[in-house]
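Asks: Dumping the structure here so I can ask a few things about it.
The values are calculated or read from the model by the stated rules, or taken from the named source; none is laboratory data. Just so it is clear, the structure is predicted and the values come from calculations on it, not from any experiment. Positions of Cβ are generated from backbone atoms using ideal geometry, with glycine treated the same way; all protein chains shown enter the neighbour counts. Note: accessible area is taken over every heavy atom of the protein model, side chains too, but ligands, DNA and RNA are not part of it. Shrake-Rupley method; radii C 1.70, N 1.55, O 1.52, S 1.80 Å.
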Amino acid sequence: MQTQNAGLKVSLLTPNEVSALLRVSPQTLAKWRVDGEGPTFLKVGFRVFYDAAVVADWLASRGRRSTSDVEAA
């Protein structure tokens, strides 16, 4: 789903779409939301959405060059 407001273009993904993209279960994605892990999300009423650009940035930030690399805080 794409929305456009005042020149702002946002592509929203559902939790099912993000879990398929990341190849994790919807339950894992839900646990990440509770624990404050994973990509940031948006709440609209009771519904949860993810901005596709935020998911892409989060995924890119997960890259490592070796197993000894530590996650930046």
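Asks: Please report the carbon-and-sulfur percent of the accessible area for the stretch 24-73; probe 1.4 Å, protein heavy atoms only, DNA, RNA and ligands left out. Before the final figure, lay out the partial values.
Replies: On the way: 2200 of 3830 Å².
The computed percentage sits at 57.
Asks: Could you check the spin-label model distance between residue 66 and residue 37? Points 7 Å from the Cα along Cα→Cβ, value in nm.
Replies: 2.5
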